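Below is one structure; the comments refer to it alone.
The values are calculated or read from the model by the stated rules, or taken from the named source; none is laboratory data. Because the structure is predicted, anything quoted here is derived from the model rather than measured. Neighbour counts are summed over all protein chains in view; Cβ atoms, including those assigned to glycine, are modelled from backbone coordinates with ideal geometry. Note: accessible area is taken over every heavy atom of the protein model, side chains too, but ligands, DNA and RNA are not part of it. Shrake-Rupley method; radii C 1.70, N 1.55, O 1.52, S 1.80 Å.
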Amino acid sequence: MRFDRVVKGGNVVTPAGAFVGDVGITGEKIAALGTDLDATGAQVVDARGHHVLPGVLDVHVHLALPFMGAVSADDYVSGTRAGARGGVTTLIDFAIPYKGDSLSAAVDNWHKKAEGNALFDYTFHVCVTRWNEHKDQIRGMVDRGFTTFKEFMIYASEGWQADDRAMYGTLEKMREYGTMLLVHAESARVLDELIERHHTPEMMKKYGARLHPMTRPNFIEAEAIQRAVQWSEATGGQLYIVHMSTGEGADIIKAAQARGVPVIAETCVQYLVLDDSVFDREDGHLFACCPQVKKPKDVERLWKGLKSGEVSVVSTDTCTFNCEQKAMWKGDWTKIPMGLPGLETLLPLAYTRGVLEGRLTLDEMCAKLSTNPAKIMGLYPRKGAIQVGADADLAIIHPATKHTVVPSQMETNADWSPYDGWDLAGFARTTISRGEVIVSDYKVVGRQGRGQWLPRTFAGLEGTTGEMSAMRLSRGPLSPLRLEDLKAAGIA
Ligand code: URP
Ligand code: ZN
Ligand code: ZN
């Protein structure tokens, strides 16, 4: 068999396990896997001494989002360049209707942001923000190739907040159409009450950004997750909790899955590597995001949830604001544009803190960053795994070489990083998207605008109960992979 490109001699991570060998690529697809593929006439990518991983799917991203009086600073150019450096080859953004917009208009608007700018492939979740107007438009969006919908339980001031009626009604439709509802779960009424109580000049002066975690105790997320789970249980509609940040949330999801509720949970990498001590820093306001990072015990519980299966996906919730935008708070923590940069550091953080520190095996990490998100979002088997017939989307990383996070040297438009000065392994030496090299020797070389929109026909784990769904997702073998093991295998 003739190939256009052969990735040679790496530790190739596939759904069936890892092997040291080659990936043969023809056109945009993986054409063969083997130990000694014939590379005659093909371009060779030397992967010896490296891991060859499936390209990462970051399924929770906000690029160029107008939000809280600012527009998020990473757009489809900088955002996808940043992602590519971190081995991301697919992203899913959120198409949010502006005032008066239909769902269709929101999607058209997001297409305009992405087309001609994206370096790799993308699609959108469609946000249902005004139930009465939008409910009859959902079917049409499914027909246009959009199978994931989103509702926010907060953000009334943005005009985005959905109530229980909307969630219940949308979940009924998700069940009917074989599609999935994503929910931002925070309990708006009690949250608003707590914000109002703490929103005094004296308290803002005394506590500054520390008021952010003070107004969002864990029960704010837990109650909302519980309620959304209740509506999923009542309707049978597939539910996906985005950016879960609390241990209580993980407990609720585990219990719901055990009794067969079709609910899936995502956490974000910041909830795995940061805790709320960041708000004590002088620049603590920079770290403001919704929900905020929580306590070390939550961090520990979320890692455990990834290992045991109730947490299925790790994403970033990238919503970048630079220092000037964050400075809009002027001491009032309710005015900080909420969100963090993330696409560039997802894989490096998950690999360094997860795999190298023994919290996840390499296979488990690939399940949470690639295979599970692809399956859940209706993009598998085209995306999410190294297997014959799939798109040739690969992230090639050195097992041990670390790079220091220096914001000025990164592709993101953020002029700061939550991980400034951290030494991280797992930046992509080479990223391949649909057979094309887009990152080489850690530098972006791909052509902006080559990224394609990905149509879908389903989402969630149709026809299975929560417990079964969790089992259908990849967890990977349970043996921890450490540097010693890599050295013994001759690849570190
Ligand atoms: O703080 C965040 N997460 N900003 C983006 C909007 C959202 O809630 O995901
Ligand atoms: Zn959110
Ligand atoms: Zn978000």
Problem set entry | Where segment 183-329 is the region considered: accessible area per residue in Å², 1.4 Å probe | 36
Seminar exercise, completed: Over the chain, the sum of -39500 (n - 2.57) across DSSP H runs of at least four, divided by residue number and rounded to 500 deg cm²/dmol, gives at 222 nm -8000 deg cm²/dmol
For this session: Measure off 7 Å from each Cα along the Cα-to-Cβ vector at Lys304 and Ala258, then give the distance between these two points in nanometres to one decimal.
Result: 1.3
Problem set entry | Distance between segment 178-256 and segment 394-439 - C-alpha centres, whole angstrom | 32
Exercise. Any idea how far apart Phe19 and Glu158 come out in nm if each label point goes 7 Å out from Cα toward Cβ?
Worked result: 4.6
For this session: Quick one: what are the phi-derived ³J(HN,Hα) couplings along segment 237-242, Karplus 6.51/-1.76/1.60 with θ = phi - 60°, whole Hz, x for glycine and proline?
Result: x, 5, 10, 9, 8, 7
Seminar exercise, completed: Of the residues Thr457, Met338, Ala188, the Cα lying farthest along the dipole of the chain towards its positive end, which is defined by charges on the beta carbon of Lys, Arg, Asp and Glu, belongs to Thr457
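With a 1.4 Å probe and all protein chains left in place, how much of the accessible area of the chain comes from carbon and sulfur atoms, in whole percent? All intermediate terms of the calculation are to be shown ahead of the outcome.
Numbers: 8860 of 17460 Å².
The nonpolar share, carbon plus sulfur, comes to 51 percent.
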For this session: Under 29 Å between C-alpha atoms is the cut-off here; go through segment 294-390 and count lysine pairs that meet it, provided they're at least eight residues apart or on different chains.
Result: 26
Seminar exercise, completed: Under 20 Å by backbone N from the virtual spin label 7 Å along Cα-to-Cβ at Arg450, the residues of segment 77-115 are 77-92, 114-115
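Sequence gap of 8 or more, or different chains, plus Cα separation below 23 Å: how many lysine pairs satisfy both in segment 1-144?
Working: Lys8/Lys29; Lys99/Lys112; Lys99/Lys113; Lys99/Lys135.
Summing the qualifying lysine pairs gives 4.
Can you give the % of DSSP beta bridges in the chain that are antiparallel, to the nearest 5?
45
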